[in-house]
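What follows is a single structure, written as structure tokens, with notes after it.
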Amino acid sequence: MAAITSICLGNLRKRKVQNLLIALLILLSTLLMNTSITVIANSEDLYEDLHQETQGSHEILNLTQGLHNPQQIADWWASQEGVTASVLLPYRPLAGVTYKGEEIPNQYLYMMNTPDRPFGTDELVFAQGKETPLPAPGAVWIPTSLAYKNEIAVGDELQFKAGSTQLTLKVSAIVIDLPLGGPFSTTARIWLNDTDYGHYLGGLPGSDSYFMGIRFTDYSQHEAYWERFENYLGVPFMEERLTYEELSSFYFIMNKIIGFVMSFLGIVMILVALFTIGFTISDSILSSYTTIGIFKSLGLSSRKIIVTYILQYSLLSLVAILPGVVFSRLLSRIIIEQSLSFLKTAQTSIPIQNIGTSVSVGAGMLLVILLCVWLYASKTRPIQPMQAIRYGMSEAAYSGINKRGNRNKRRSSDFERWPVSVVIGLRNVTRNVKGSLLMLLLTTVTTAVLVFGLVLVNSISQMQKTAPLWGYDSANVVIRIVNASELDRAALERDIRADSRIVNLNWAGHAIGVVPGNRMQHSTSTTGQAQSISIPLTVVEGSMDEMGLANITGRNPQNPNEISIGINISRQLGKELGDIIELYIEGKRHSFTVTGIYQSIANMSFQARVTADVVTKLNPDDGYMNLSDVQDSDDIVRQLNDQYSSSIQAVKQQTLLDSVFKEASAVLIIPMSILGLLFLMVSWLIIYSTCRIHIRKETKPYGIYKSIGLTSNTIRGAVTWGIVGLSLIGAGLGILCGISLLPHLLRGLLSSYGIVKLPLFMNWTGISLLALLSITVAGLGCWIASRVILKTTPRILVSE
Amino acid sequence: MLNTAIIQAKNLCKTYSTGSEQFHAIRNIDLDIFQGDFTVIMGDSGSGKSTLLYMLSGLDSLTAGEVYFRQQRIDQFFEKELGAFRTQKIGYVYQSSNLVPDLTLFENIALPGYVAGTSKREVKQKALSLMESMNIDGQQKRLPAEVSGGQQQRAAIARAIMNTPDIIFADEPTGSLNYEQGVKVLDILTQMNAKGQSIVMVTHDIKSACRANRIIFIRDGKVGGMLELDPYSPDGLQDRESLIFSYITGRG
């Protein structure tokens, strides 16, 4: 054992830089792998823990149209065993909210008449402010999603528009509202006490709408409950029903993207690390061939020699994996705190759990590394002491040198075709095939990561340019009617149509369509769903084409019996273009032909679009305008808001999209930047290390080149240009992977979120600059590694 | 013989430090190497003869002193000037051929021509002609490992004279060859010198030293003596051997 330890320590001392690089590589691989697993595991756990703690609903019913008796529904669900139903939560929609004089765009606000707590499900968690049974008079509780995004604090005043009334209320608490207050949420429930609710909103026309939460003891049984429920109703449930998957999806989507990218790249980095370790061990065996022969001649067995390598890499792995795990937990915390900030309270930060998983990842890494070391170190087994001492290599390898020479013989002289520097650079690449492949792989992966990160962040942050492909319209200006009773709609339309700057105006509203269960469905459906499905409908009065709504296949509906469906509806119902769908809208049955299938991030592509002809009670409250010159947007928005301030809210489409997607790109920027930096570092480390090993092996030819007049810098330049050329190929491949392969893989992940075609926005200048950065890092790694050539003197050619 | 000095060394010193100890390999040597001479540097093992050769040829740095090539001080050259000097002005032949192992003999010979920027056509012509004169034509596409040691060394000489240098430095060029191959190499060097090529050769072999018209003896890092001879002729080989031997032993 003493011999093994002493050889192992000798190896550690002898190749300090090499060992340091390997340790760093292991550390970074662990960091990446453990971060991805921690982010994915903790995102789900955090949500599920809170869901459990707050008695989170598995389904939310939104009763807005008076198609069913709310109390009858609440009573039925409350009477079911294995179900916890919330009390009815009455609300009135609000027209808008202003904070510090600025209207907060793109928010659907519900002013809740807060019942006595507990509600039964979806209990509020107080993130800031004093917890009281009910909001104090003149005060409201607002969700973290609204507060954190707009930096609203307890004690701030908000102005709400309710009809023609302007309410000024003070924020007394900020609460986590799990079902409707997630990331990218455009809805916010504002909680007001009963007295204020009656006082401020009692006079508004119309009646209250209701939210109601349902929690199943065994969620897998929910379909059976729904079958019984619809049997009880005698008709399909025709109001809005939000499922658990829809409610929870936005808590996971960003972290799933981040986790996916990180775990994929983590695996790539582990493979790179294993390849590098194998490469280093092979090189070490070759350069110590004689020494190993001597050890064997002294009686050290192959097994013991292998153990020296295993011991060496165990020590390196331990030194690297432990900080890797620790750093990865810090990094995971940063990512999760940013993406799930709405689950954070003032008292408690987001707990990062799963220490057991981290330990397992560390142990797994150690195991894989040691397996790799064992495999490569086994190359010492066939070493014969006599051959090793005589030839410094095996007899077969020694005689193989000539064979290799014969293979090269057929080629014509490179020097006749290329300048000397080019040939030296080329030879540096071709004489080190394994190393060159590794460097090629590294520059490919690094460029792919950088380019993919840029394309992803850019596509999201600039999504107004590809909005229709994300399921949004592409109108220039949107107006939302916030107080229909005070609006002279005819006058508004007249004014808009008279404005020569406005090219067209189309209106849209919302309705709920219900696909009856298979007992009532007479179609070619093969899904055979037992219960009815509630589908949010976008109902358009005018032209969907003019609004800029797009389909991934087919066309927009133009006739009353046509429908365009989201990709997830298509999947769930098994409907394709030309198929018939039967829908209940406002209690009436309609047959529609599917003319288009589209994708939409907003509702996981679980929605559909129909024309206004089929909806009788439609109040199309969103107007979509296109302008002849987009530059006029600001003027038109200002004019409309000034003229119709009490009844409409006009916003530029860009403002609406920015409010959601700036948040998404902000969440992505940190992890993608960290990934980019990690890969740049690893790329530099490996290229530096690989070039260093190879250049040291080639010292003699470099000495010869120097003796015939080439300068150190000429040789270094030649070698570096060779690597730059190689990395240029790698960067080219990396760009292809970054804009094609990685998005393709991500598309697979997003497919369940209803995105099957990833609308990418290419910024070729940025892509080229990042590719250049990757090439520069590779070139720099090689240039610095080639410093050894400076010290090479032709004197090494002298036989002493 | 022309008595123009092609290389001048003034007060040359070379000291190696090993920890706290210092080893003086060359001590205050003043020396002229003349144009057209076949100069041999002889000495015992460890006497400093090879070190002197590296210093005279600009392959090694000096601890002190000056080296001039045609009145140009080469020990103060920057690397770029030194590179041009090595390409254009000198050729070097080592004890082992030091050919680039995975370049063919032709490529090895042609390499200095390519480095010098000579046209590819000219390089090819010259390299093929040198291979013919070195009697290794037909081996163009062979790698060094595929030919004999003598052929390798002749290729190394061809490489050394590819750019028609002013002077050739040869360090024990026959040291790793058998007798027959060694004689062939020495014959080539002698023929080149007969055509006016200046040569400085380090050797400890008296038979090789016979080819010189001037022999410098180095002992303990100093010039221990100098012997001037008539130009080499095979007929008088035995007399020259005796003369050199007696000079060495007489001094010794």
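Please treat every number below as a calculation from the coordinates, not as lab data. Bear in mind the structure is a predicted one, so any value in this text is a computation, not a measurement. We place every Cβ from the backbone using ideal geometry, glycine too, and count neighbours over all the protein chains shown.
Normalised by the number of residues in chain B, the mean separation of alpha-carbon contacts (under 8 Å, six or more apart) gives a relative contact order of 25 percent.
Take each uninterrupted DSSP H stretch in chain A, measure its Cα extent along the helix axis, and return the ones at 24 Å or beyond whose mean Kyte-Doolittle hydropathy is at least -1.0. Flagged H segments are A:16-53, A:244-287, A:302-339, A:355-377, A:433-461, A:653-697, A:712-736, A:764-785.
Note that the stretch B:78-89 has calculated 3J(HN,Hα) couplings of 6, 4, 5, 5, 5, x, 4, 4, 5, 5, 9, 9 Hz, one per residue in order, obtained from phi through the Karplus relation 6.51 cos²θ - 1.76 cosθ + 1.60 (θ = phi - 60°); glycine and proline are x.
Size descriptors for the stretch A:467-660, from the alpha-carbon set: Rg then Dmax equal 17.6, 54 Å.
My understanding is that a pair violates if its Cα-Cα distance is over 21 Å; which of A:Lys296/A:Lys434; A:Lys100/A:Lys149; A:Lys700/B:Lys124 do that in this structure? Beyond 21 Å between Cα atoms: A:Lys296/A:Lys434; A:Lys700/B:Lys124. For the residues of A:417-426, the average number of beta carbons from a partner chain within 10 Å of their own beta carbon is 2. For the stretch A:171-246, the convex hull drawn through the C-alpha positions has a volume of 168 cubic angstrom per residue. Across the stretch B:90-164, the relative contact order, built from alpha-carbon pairs under 8 Å that are at least six residues apart, equals 52 percent. Direction-averaged projected area, Cα convex hull, the stretch B:90-164: 4.4 nm², rounded to one decimal. Amide H contacts of A:Leu94: A:Leu109, A:Tyr110, A:Met111, each under 5 Å away and 5 or more positions distant or on a separate chain (H built 1.01 Å from N in the peptide plane; Pro and chain starts excluded). Measuring max minus min along each principal axis, the C-alpha atoms of the stretch A:4-72 give extents of 83, 21, 13 Å (largest first).
With the biggest extent put first, the Cα atoms of the stretch B:62-107 measure 38, 20, 17 Å across the principal axes. Amide H contacts of A:Val83 (H built 1.01 Å from N, in plane; Pro and chain starts excluded): A:Thr217 sit under 5 Å, all sequence-distant by 5 or more or on other chains.
Helical content of chain A, expressed as a calculated mean residue ellipticity at 222 nm, amounts to -17000 deg cm²/dmol (DSSP H runs of 4 or more residues, -39,500 (n - 2.57) each, divided by residue number, nearest 500). Counting, for every residue in A:573-586, the Cβ atoms of other protein chains within 10 Å of its Cβ and taking the mean gives 0. Across the options A:Val326, A:Gln649, A:Trp418, the greatest Cα extent toward the positive end of the charge dipole of the protein assembly as shown (unit charges at beta carbon of Lys, Arg, Asp, Glu) belongs to A:Trp418. Helix B:237-251 and the long axis of chain B differ in direction by around 30°, with both axes built from C-alpha atoms. One way to sum up the overall shape of chain A is the equivalent ellipsoid from its Cα gyration tensor, whose semi-axes run 64, 30, 25 Å, largest first. Across all Cα pairs in the stretch A:706-747, the calculated P(r) in 10 Å bins from zero up to the longest distance comes to 26, 27, 21, 15, 9, 2 percent per bin. Can you pull out the GluC sites (Glu not before Pro) in the stretch A:57-138 that DSSP calls coil and that have at most 13 other Cβ atoms within 10 Å? Those that pass, being in a loop and sparsely packed, are A:Glu81, A:Glu131.
Loop-located chymotrypsin sites (Phe, Trp or Tyr not before Pro) across the stretch B:1-93 with a Cβ neighbour count of 15 or fewer within 10 Å are B:Phe78, with loop assigned by DSSP.
Amide H to amide H, with H built 1.01 Å from N, A:Gly513 comes under 5 Å of A:Ile535, A:Leu537, counting only residues 5 or more places away or on other chains. For chain B, the mean residue ellipticity at 222 nm estimated from helices alone is -11000 deg cm²/dmol, where every DSSP H run of n ≥ 4 contributes -39500 (n - 2.57) and the total is divided by all residues, rounded to the nearest 500.
How large is log10 of I(q)/I(0) for the stretch A:616-668 at q = 0.14, 0.25, 0.32 Å⁻¹ when the intensity is taken from the Debye formula with one equal scatterer per alpha-carbon? Log10 I(q)/I(0), no solvent term: -0.51, -1.01, -1.22.
The mean count of C-beta atoms from other chains within 10 Å of the C-beta of residues in A:696-707, rounded to a whole number, is 4. For the cross-link pairs A:Lys130/A:Lys170; B:Lys184/B:Lys222; B:Lys126/B:Lys184; B:Lys89/B:Lys120, the ones whose C-alpha atoms lie over 25 Å apart are B:Lys184/B:Lys222.
In a Debye calculation with equal point scatterers on the alpha-carbon sites of the stretch A:106-248 and no solvent, what is log10 I(q)/I(0) at q = 0.13, 0.14, 0.17 Å⁻¹? With no solvent term, the Cα-only Debye profile gives -0.66, -0.75, -1.03. This model, with +1 at the C-beta of Lys and Arg and -1 at the C-beta of Asp and Glu, gives the protein assembly as shown a dipole about its Cα centre of some 6180 debye. Averaging the sequence gap over all C-alpha pairs within less than 8 Å and six or more residues apart, then dividing by the number of residues, gives chain A a relative contact order of 16 percent. Basic side chains Lys and Arg get +1 at the Cβ, acidic Asp and Glu get -1 at the Cβ, and with that the dipole of the stretch A:467-660 about its Cα centre reaches some 800 debye.
Here's the list of aspartates and glutamates a cross-link from B:Lys141 could span, going by alpha-carbon distance under 16 Å and ignoring same-chain residues fewer than 8 apart: A:Asp414, A:Glu416, B:Asp102, B:Glu107, B:Glu132.
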